[in-house]
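Report on one structure; see the data block that follows.
The values are calculated or read from the model by the stated rules, or taken from the named source; none is laboratory data. Keep in mind it's a predicted model, so treat the numbers as computed, not measured. So basically every Cβ, Gly included, is an ideal-geometry build from the backbone, and we count neighbours across all protein chains shown.
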Amino acid sequence: MGIRNVILLLFSLFLFSSNVLSKGINDKNWINRHDIKEIRSIFDRIETGIKNKELTIRKKEFPYLKPYKPTLKMAFFNKKNVICKYVEEMGSDDSAIKIEYYYDNLKVLRFVFITGGAVNGTRLEHRLYFDSYGKRIWEIREIVEGSGYSFPHEWPEEEIVRNPEKAFNG
């Protein structure tokens, strides 16, 4: 392979990689992307199922033992007895959060919606979006009200529930 062919190959790879990277998700395009719309469709389907009482709900309540250990767990089961939404509520002396997880028909985590509040008046909304393989593709954290609190800027992977059956029964 001559030097000319090597240069052409490198140039082609550069153009290809630039084109791929330019199609990534960002602040300007995320809301209109097909993968985000698909996730919103899953969310809407599950919430409609809840509203229409098409899903079975099971709840478990726990006494407050230590900060950020769940005091409430809720699982929403579809007609195939598979969890499509899982919720945990937890808190501490000065803050509380509710984490809602949404799963597709293949049991893959697709969306997480976190709401939280603190005694200083801060209110948080945090959204995490996942592709059809469960890979995090987008995250939005917004302080809706107040001066802020020590809620994470990026939600830690180790705190994300990927197996709702295990979390609900554990």
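Out of curiosity, is Lys60 surrounded by fewer than 17 Cβ atoms within 10 Å (Cβ to Cβ), under 27 Å from Ile42 (Cβ atoms) and out of contact with any Ser or Thr (no Cβ under 6 Å at 6 or more places or on another chain)? In short, yes. Which residues, counting only those in the stretch 114-142, are over 9 Å from the mean Cα position of the chain (by Cα) and among the aromatic types (Phe, Trp, Tyr)? Selection gives Tyr133 alone. Mind checking which residues of the stretch 38-70 are part of a helix (DSSP H, G or I) and over 21 Å from Tyr129 (Cβ atoms)? Hit for the stretch 38-70 is Lys51, nothing else. The C-beta contact set for the stretch 55-79 (first residue among the acidic types (Asp, Glu), second residue outside any loop (DSSP other than H, G, I, E, B) and surrounded by fewer than 17 Cβ atoms within 10 Å (Cβ to Cβ), distance under 7 angstrom, 6+ apart or interchain) comprises Glu61/Leu72. For Asn120, the stated conditions hold: it is exposed (fewer than 14 other Cβ atoms within 10 Å of the Cβ) and over 28 Å from Asn29 (Cβ atoms). From the list Glu154, Glu142, Glu158, the one residue that fits, being exposed (fewer than 15 other Cβ atoms within 10 Å of the Cβ), within 18 Å of Arg40 (Cβ to Cβ) and of a type outside the set (Lys, Arg), is Glu142. Considered as a group, the residues in the stretch 122-170 that are among the aromatic types (Phe, Trp, Tyr) and in contact with a Lys or Arg (Cβ under 6 Å, 6 or more places away or on another chain) include one that is nearest to Tyr102 (Cα to Cα), and that residue is Phe130. When you look at Thr115, is it among the polar types (S, T, N, Q) and closer than 27 Å to His34 by Cβ, yes or no? Taking the combined requirement at face value, the residue satisfies it. Residues in the stretch 125-133: is at least one over 20 Å from Arg40 (Cα atoms) and modelled with pLDDT of 95 or more? No, the stretch 125-133 has no match at all.
Beta carbons closer than 8 Å, at least 6 apart along the sequence or on distinct chains, pair a first residue in the stretch 25-47 that is more than 15 Å from Tyr102 (Cα to Cα) with a second that is of a type in the set (A, V, I, L, M, F, W, C) for Ile25/Ile36; Ile25/Ile137; Ile25/Trp138; Trp30/Ile36; Trp30/Trp138; Arg33/Ile25.
Applying a threshold of 8 Å to beta carbon distances and a minimum spacing of six or more residues, or different chains, the list of pairs starting in the stretch 149-170 at a residue that is at pLDDT 95 or above and ending at one that is assigned to a loop (DSSP other than H, G, I, E, B) and surrounded by 10 or more Cβ atoms within 10 Å (Cβ to Cβ) reads Arg162/Gly134; Ala167/Val161.
When the stretch 147-170 is filtered for residues that are under 16 Å from Lys69 (Cβ atoms), touching a strand residue (DSSP E or B) at 6+ places or on another chain (Cβ under 7 Å) and assigned to a loop (DSSP other than H, G, I, E, B), only Val161 remains.
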